[in-house]
Amino acid sequence: MSKLWGGRFTKDTNKLVEEQTASISFDQKLANEDIQGSIAHVNMLVSTGILAEEDGETIKNGLNTIKNKLKKGELSFSVEHEDIHMNIEKWLIDEIGPVGGKLHTGRSRNDQVATDMHLYLKHHTETIIELVHETQTAIVNQAGNHIDTILPGYTHLQRAQPVSFAHHLLAYFWMLERDKERLKDSMKRLNGSPLGAGALAGTTFPINRDAVAQDLGFDYVYPNSMDAVSDRDFILEFMSIGSIMMMHISRLAEEMVIWSSQEFQFIELDDSFCTGSSIMPQKKNPDVPELLRGKTGRVYGNLMSLLTVLKGLPLAYNKDLQEDKEGMFDTVETLEGSLQMLAPMIDTMTVNVDQMKHAVTEDYSNATDIADYLVTKGMPFREAHAVIGKIVLYGIDHHKFLLDLSLEEYKQFSPLFQEDIYEVLAPEQVVANRNSYGGTSQTEVQKQLSLAEDLL
């Protein structure tokens, strides 16, 4: 069967070339967007008098019939017709006859596919924003239950200072909030319509690009037809935001893996988000957070792949741009799938409050507070820092933690120590004293939680 574009050719396409250049195996995901764009295009052709109203209605009815048949699984995609645009056009002609061939008046597959991808990413960006919102809600719910729960905070993965578990969780809320803001801002670039740019230079027909843009919910049209068909910045921006988001998800997933280990036992993940071992019956593996951590790599890879594809392309459209879709689809599906698992996993995890409390009573993470204590007694901080270093070394050598040392032992290092040192060193007091804005004190965490709830 000859191609819809085959009039200039004297030979059939080589089968290997046909298989390698066809994109229908993946761009079939754009079917709904392609039909949506085509209906808006037909509306414009009719309103400008380029297409008779009767033909326009026939074409729109045919497109809606195809949409319903696709939904019911009654149509089969053909590699011979290369891509989603040509498959739909062929079905349309089969459905309504030669009048279906008028659909392509005043447009090219180049502006058509760019429009499809704008529409696709607009829809899925809105979905991902909703999923981020759900994940943030799960974080806020857990944080609200654990303002008074204390665990070691870490730097360099070494115990640093006690913090509220709510404070620790809310750090991820703000990471996701920035991701959400980036997604919302990216909608400005997604809301431009390429349709009407033609292959690269516009069209001789008196089209109305603004009318099509309005019909499709776009805010503006691309002012340069060559840029319209060759721009993939909006996909790169989405992939970049997705990469940052997956990095945030991966960091939280890593903490979940560590916290749920036998060595930490800070949390226990719900059984429904874990798997077992085929040989070791005692195992409960945190496969979901591990998988989230691993999927970050493929999202990074999709971004680097498209950056590399685009880096040397001359204007305007080139076949290389066919490589923009699979990574885009994969990034969308990875982000949506990851967020759909993350929110309920956070919601259902059990927090081992006693184990966290035990951890902060058997370390030296309250050492900084001794230094602050001596500063309030008049000692310069740098001198106090040296004194506390010696006290910590003494404690390690004598197998004692700071709360275990007697007042006499403290006075060996400075006469400024008094009985009130033990109040200062209590983990609850260490946390409560950090009441600067954004700090981990219960008062500040409650303010932060209220702010997060307001944003949601």
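The values are calculated or read from the model by the stated rules, or taken from the named source; none is laboratory data. In this text, all values refer to a predicted model and were calculated from it rather than measured experimentally. So basically every Cβ, Gly included, is an ideal-geometry build from the backbone, and we count neighbours across all protein chains shown.
Looking at the range 33-59 only, could you name the residues that are of a type in the set (D, E, K, R) and under 25 Å from residue 124 (Cα atoms)? First the steps, then the outcome.
So in the range 33-59, the residues of a type in the set (D, E, K, R) come out as 33-34, 53-55, 57.
Residues satisfying the conditions are 33, 34.
From 347, 372, which residue is assigned by TED's automatic domain parsing to the domain that holds residue 149, under 43 Å from the mean Cα position of the chain (by Cα) and among the charged types (D, E, K, R)? Show your work before the answer.
Numbers: 372 fails: assigned by TED's automatic domain parsing to the domain that holds residue 149.
Sole residue among the options that is assigned by TED's automatic domain parsing to the domain that holds residue 149, under 43 Å from the mean Cα position of the chain (by Cα) and among the charged types (D, E, K, R): 347.
Given the range 218-324, what helices (runs of 4 or more DSSP H) lie entirely inside it while holding 1 or more residues that are among the aromatic types (Phe, Trp, Tyr) and within 18 Å of the chain's Cα centre (by Cα)? Before the answer, list the steps.
On the way: elements: 225-230, 233-259, 287-310.
Passing ranges, in order: 233-259, 287-310.
Run residue 203 past the list (1) of a type in the set (Ser, Thr, Tyr); (2) buried (at least 16 other Cβ atoms within 10 Å of the Cβ); (3) assigned to a helix (DSSP H, G or I) and report the number of the one that doesn't hold.
Single failed check for residue 203: (3).
Which is buried (at least 20 other Cβ atoms within 10 Å of the Cβ) and either outside any loop (DSSP other than H, G, I, E, B) or of a type in the set (Asp, Glu) (or both), of 171, 197, 166? Can you show your working first?
Working: 171 fails: buried (at least 20 other Cβ atoms within 10 Å of the Cβ); 197 fails: either outside any loop (DSSP other than H, G, I, E, B) or of a type in the set (Asp, Glu) (or both).
None of the other options fit; the residue is 166.
Residues of the range 369-389 being of a type outside the set (D, E, K, R) and touching a helix residue (DSSP H, G or I) at 6+ places or on another chain (Cβ under 8 Å), which ones? If you could, list the steps in order and put the result at the bottom.
Keep residues of the range 369-389 that are of a type outside the set (D, E, K, R), which gives 370-371, 373-376, 378-381, 384-389.
The answer is 370, 371, 373, 374, 375, 379, 381, 384, 385, 387, 388.
Can you tell me which residue is nearest to the chain's Cα centre (by Cα) among those in the range 404-434 that are part of a loop (DSSP other than H, G, I, E, B) and under 15 Å from residue 368 (Cβ atoms)? Steps first, answer last, please.
Our first condition is that a residue be part of a loop (DSSP other than H, G, I, E, B); within the range 404-434, this holds for 405-406, 412-420, 426, 433-434.
Subsequent filtering for residues that are under 15 Å from residue 368 (Cβ atoms) retains 426, 433-434.
Numbers: 426: 39, 433: 35, 434: 32 Å.
In this case the residue turns out to be 434.
Give the residue, chosen from 127, 137, that is of a type in the set (S, T, N, Q), farther than 30 Å from residue 105 by Cβ and touching a Leu at 6+ places or on another chain (Cβ under 7 Å).
Working: 127 fails: touching a Leu at 6+ places or on another chain (Cβ under 7 Å).
Exactly one of 127, 137 is of a type in the set (S, T, N, Q), farther than 30 Å from residue 105 by Cβ and touching a Leu at 6+ places or on another chain (Cβ under 7 Å), namely 137.
With 334, 348 as the choices, which residue is of a type in the set (S, T, N, Q), modelled with pLDDT of 95 or more and touching a Ser or Thr at 6+ places or on another chain (Cβ under 8 Å)? Walk me through it before giving the result.
Numbers: 334 fails: touching a Ser or Thr at 6+ places or on another chain (Cβ under 8 Å).
So the residue among 334, 348 that is of a type in the set (S, T, N, Q), modelled with pLDDT of 95 or more and touching a Ser or Thr at 6+ places or on another chain (Cβ under 8 Å) is 348.
Of the conditions (1) in contact with a His (Cβ under 7 Å, 6 or more places away or on another chain); (2) at pLDDT 95 or above; (3) more than 23 Å from residue 128 (Cα to Cα), residue 309 fails just one. Which one is it?
That leaves (1) as the condition not met.
Across the range 373-395, what is the total count of residues that are free of Cβ contacts under 8 Å to residues at least 24 places away in the same chain and either charged (D, E, K, R) or not in a helix (DSSP H, G or I) (or both)? Walk me through how you get there before you give the answer.
Initially, the range 373-395 is screened for residues free of Cβ contacts under 8 Å to residues at least 24 places away in the same chain, giving 375-376, 380-386, 388-390, 393-394.
Now drop any that are not either charged (D, E, K, R) or not in a helix (DSSP H, G or I) (or both), which leaves 380, 382-383, 390.
The number of residues fulfilling the criteria is 4.
Of 305, 260, 277, which residue is assigned by TED's automatic domain parsing to the domain that holds residue 246 and either exposed (fewer than 15 other Cβ atoms within 10 Å of the Cβ) or in contact with a Lys or Arg (Cβ under 7 Å, 6 or more places away or on another chain) (or both)?
From the options 305, 260, 277, the qualifying one is 277.
Quick one: residue 182 ticks every box in (1) surrounded by fewer than 20 Cβ atoms within 10 Å (Cβ to Cβ); (2) more than 30 Å from residue 255 (Cα to Cα); (3) of a type outside the set (Val, Ile, Thr) except a single one, so which number is it?
For residue 182, the exception is condition (2).
Looking at (1) out of contact with any helix residue (DSSP H, G or I) (no Cβ under 7 Å at 6 or more places or on another chain); (2) without any contact (Cβ under 8 Å) to a residue 60 or more places away in the chain; (3) buried (at least 20 other Cβ atoms within 10 Å of the Cβ), can you tell me which one residue 222 breaks?
Among (1) out of contact with any helix residue (DSSP H, G or I) (no Cβ under 7 Å at 6 or more places or on another chain); (2) without any contact (Cβ under 8 Å) to a residue 60 or more places away in the chain; (3) buried (at least 20 other Cβ atoms within 10 Å of the Cβ), the lone unmet condition for residue 222 is (1).
Anything in the range 149-163 that is surrounded by 15 or more Cβ atoms within 10 Å (Cβ to Cβ) and not in a strand (DSSP E or B)? List them, or say none. Even if it seems obvious, please write down each step before you answer.
Going residue by residue through the range 149-163, those that are surrounded by 15 or more Cβ atoms within 10 Å (Cβ to Cβ) are 149-154, 159-163.
The one that is surrounded by 15 or more Cβ atoms within 10 Å (Cβ to Cβ) and not in a strand (DSSP E or B): 149.
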